[in-house]
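Okay, so here's the structure we're looking at.
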Amino acid sequence: MGAMPFDDVGKFMVVNPQARDLLTTADEVVGYSVVDRFREAEQDYSEAAQVAFLVNCLALARWAEDQLGLDPLLCAGPSFGGKATAAHTGCLSVEDTVRMTARLARLQDEYFSEEHKDVVTHSFVRTPTERLTEILAEMDARGWWHDMACYVDDDMHMVSVREHALDWFKERIRNAGGLSLYTMRPPLHSGAFGPLRRRAEDEVFAGLTFADPRTPVVSDHDGTVLRTGDEVRTLLLDGIVRPLRWPLVVDALRENGVGTVHVAGPDNLFGRVRRTTAHFDVVRLTPRMALRPRGAADRA
């Protein structure tokens, strides 16, 4: 999940039949109009934005199966996409997934308003792992905390740092030939957030029963193919404390014979990085694609 402007998805959410059905369910679960709250949201990762992202991913996946006849071999949902994966593969009902998503968003807001208030997650490209290792070693020498959040591509990463070190870190990235992209708050995917994981398990996941997935799920932590509901449950909880490793997902897909990847949902990242495009035919199932007349969508 990246920044998802309402103008990019709003029409799809109110016109597409799959999205409308899912929105009806989501509105009933959260007790407000997701579209209205999302339109008014000032933060990229607000509760309403996260529920809207879930709805859009599920709607596009359902649309593709209905209209394009897709029958996926495997399913992967990096980071926030794990929630959509749990719903689409049948591990959780849509109602429970919406409820889980909203409650997790509220819990994260509460937690990060009190803990780790000076920690952000910064994304950047054009910085090979070897050069990044040297920069992180410099931070270690200064006694500055940091943690890897995401390994996205061979030269694209996300690192959590304290705000006092952010300008220095961005300067070192720039000196290494890299390009800073986005600084995210709240931060994500760090072993430092163990207390948040424990609270999520006790306050959000308690009472949720995860069925085995209809389609096996590829872990975005280590590339393992998951076939049980308990494994998917652990995957979602561990996403709070374990880094995302997209190259391992790509390896797992290739090893299992995948040749085409369909990306269901707004995508500015995983369907576009070199690791993905170099190994698969990538079809981006976007809101714009789903709104085209049927013949045009089939030719896309």
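Within region 127-162, if we keep just the residues that are β-branched (Val, Ile, Thr) and in contact with a His (Cβ under 8 Å, 6 or more places away or on another chain), the residue that is surrounded by the fewest Cβ atoms within 10 Å (Cβ to Cβ) turns out to be Thr129. Given the criteria charged (D, E, K, R) and in the same structural domain as Arg254 (by TED's automatic domain parsing), does Asp109 qualify? When the stated conditions are applied, Asp109 passes them.
One residue alone among Arg62, Arg99, Arg106 is over 26 Å from Pro243 (Cβ atoms) and without any contact (Cβ under 8 Å) to a residue 60 or more places away in the chain, and that residue is Arg62.
Scanning region 14-26 for residues that are within 20 Å of Phe80 (Cα to Cα) and free of Cβ contacts under 8 Å to residues at least 60 places away in the same chain yields Ala19, Leu23.
Any residue at all in region 207-216 that is of a type outside the set (Phe, Trp, Tyr), modelled with pLDDT under 95 and in the same structural domain as Ala76 (by TED's automatic domain parsing)? Within region 207-216, one or more residues are of a type outside the set (Phe, Trp, Tyr), modelled with pLDDT under 95 and in the same structural domain as Ala76 (by TED's automatic domain parsing). In region 135-235, counting only strands (runs of 3 or more DSSP E) that sit wholly within it, the ones holding 1 or more residues that are aromatic (Phe, Trp, Tyr) span 146-153, 179-184. Which pairs do you get when a residue that is free of Cβ contacts under 8 Å to residues at least 12 places away in the same chain, found in region 239-259, comes within reach of a residue that is of a type outside the set (A, V, I, L, M) and assigned to a loop (DSSP other than H, G, I, E, B), reach meaning Cβ atoms under 9 angstrom, with the pair 6+ apart or on two chains? Here the result reads Glu255/Gly223, each pair linking region 239-259 to a residue that is of a type outside the set (A, V, I, L, M) and assigned to a loop (DSSP other than H, G, I, E, B). Exactly one residue out of Arg131, Arg106 is modelled with pLDDT under 95 and either part of a strand (DSSP E or B) or over 25 Å from Gly271 (Cβ atoms) (or both), and it is Arg131. Of all the criteria given as (1) free of Cβ contacts under 8 Å to residues at least 12 places away in the same chain; (2) part of a loop (DSSP other than H, G, I, E, B), the one not satisfied by Cys91 is (1).
Thr260: touching a Phe, Trp or Tyr at 6+ places or on another chain (Cβ under 7 Å), loosely packed, with under 15 Cβ neighbours inside 10 Å and not acidic (Asp, Glu), yes or no? It is true that Thr260 is touching a Phe, Trp or Tyr at 6+ places or on another chain (Cβ under 7 Å), loosely packed, with under 15 Cβ neighbours inside 10 Å and not acidic (Asp, Glu). Would you say Asp36 is free of Cβ contacts under 8 Å to residues at least 40 places away in the same chain, part of a helix (DSSP H, G or I), on the phi < 0 side of the Ramachandran plot and more than 21 Å from the chain's Cα centre (by Cα)? Answer is yes for this residue.
One line per residue, one yes/no per condition, for (1) more than 28 Å from Arg199 (Cβ to Cβ); (2) not in a loop (DSSP other than H, G, I, E, B):
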site	(1), (2)
Leu237	no, yes
Ile240	no, no
Ala252	yes, yes
Asn268	yes, no
Arg284	yes, yes
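Of all residues in region 82-102, those satisfying the criterion of being buried (at least 17 other Cβ atoms within 10 Å of the Cβ) and within 13 Å of Val30 (Cβ to Cβ) are Val94, Asp96, Thr97, Val98, Arg99, Met100, Thr101, Ala102. In region 33-56, the qualifying residues are those that are surrounded by fewer than 15 Cβ atoms within 10 Å (Cβ to Cβ) and farther than 23 Å from Cys150 by Cβ, and the one that is modelled with the highest pLDDT is Ser33.
The values are calculated or read from the model by the stated rules, or taken from the named source; none is laboratory data. Just so it is clear, the model here is predicted, and its values are computed rather than measured. All Cβ positions, even for glycine, are placed from backbone atoms using ideal geometry, and neighbour counts span all protein chains on display.
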